[in-house]
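Report on the following structure.
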Amino acid sequence: MGVKLAPVLLCAAALAACAETSLLQPGEDTGARPALAPPVQSAIPTVKIAPAKGWPAGAAPVAAPGWKVEALATGLQHPRWLYVLPNGDVLVAETSAPERPEDGKGVKGFFMKMFMKRAGSAVPSANRISLLRNGQRHMFLENLNSPFGMALVGNDLYVANTDAVVRVPYRTGETRISEKPVKVAELPGGPLNAGGRP
């Protein structure tokens, strides 16, 4: 695809998104028997990305009566997954997708990069898990590979990296794990995932 064609496709995608309107009246798509609009086929799919935005200074989401919302932490780098430990500590996987050389190719790759940037995920992965306790943030586990899921089983914490499930020893109350993770199972990702095997 030449560089000159990219703006044309971008404009076409924007026009297709603007032209789409709901065929249902408010409330018709909810309840026990919702009406479903017929599928709309299009050469360019409608993609609506919610941009990642923090709260403005002094602002917070409006909670239900009797409740309040407060920031548990700030300054996290692309937090993707939370895991609450039995003692109330909160683990946060700070991660972005790994480098995927094949994804940047072609029309699909062009738009994928654009959408990921809008969603705030087109940044290098922090590759770490932070621990939040009483308003304090601790660097709990570092040098991971795009970590996501976490699970505590007995005294072992399991972490799903992009290329493998790893295990580290967990001791209640510790704010940092210095032991090197032990690989439990590989997660081959194929040629599109640089972290996995082809």
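The values are calculated or read from the model by the stated rules, or taken from the named source; none is laboratory data. All of these numbers come straight from a predicted model, not from anything done at the bench. Please note: Cβ atoms are built from the backbone with ideal geometry, for glycine as well, and neighbour counts cover all protein chains shown.
The number of residues in the range 52-67 being more than 22 Å from ARG80 (Cβ to Cβ) and surrounded by 10 or more Cβ atoms within 10 Å (Cβ to Cβ) comes to 1.
Here ALA37, ALA19 are screened, and the one residue that is over 30 Å from GLY135 (Cβ atoms), more than 27 Å from the chain's Cα centre (by Cα) and modelled with pLDDT of 65 or more is ALA37. Of the residues that make up the range 177-197, is at least one modelled with pLDDT of 95 or more, within 17 Å of PRO86 (Cβ to Cβ), assigned to a strand (DSSP E or B) and more than 21 Å from the chain's Cα centre (by Cα)? For the range 177-197, residues modelled with pLDDT of 95 or more, within 17 Å of PRO86 (Cβ to Cβ), assigned to a strand (DSSP E or B) and more than 21 Å from the chain's Cα centre (by Cα): absent.
Note on the range 68-96: among residues that are surrounded by 11 or more Cβ atoms within 10 Å (Cβ to Cβ) and hydroxyl-bearing (Ser, Thr, Tyr), the one that is modelled with the highest pLDDT is TYR83.
Might you check whether a residue that is more than 23 Å from ALA73 (Cα to Cα) and either within 18 Å of the chain's Cα centre (by Cα) or surrounded by fewer than 20 Cβ atoms within 10 Å (Cβ to Cβ) (or both) occurs anywhere in the range 137-154?
In the first step, residues of the range 137-154 are kept if they are more than 23 Å from ALA73 (Cα to Cα); the result is 153-154.
Okay, now just the ones that are also either within 18 Å of the chain's Cα centre (by Cα) or surrounded by fewer than 20 Cβ atoms within 10 Å (Cβ to Cβ) (or both), so 153-154.
The answer is yes; a qualifying residue exists.
Applying the condition of being assigned to a loop (DSSP other than H, G, I, E, B), free of Cβ contacts under 8 Å to residues at least 60 places away in the same chain and in contact with a Gly (Cβ under 9 Å, 6 or more places away or on another chain) to the range 135-162 and asking which residue is nearest to ARG80 (Cα to Cα) yields SER146.
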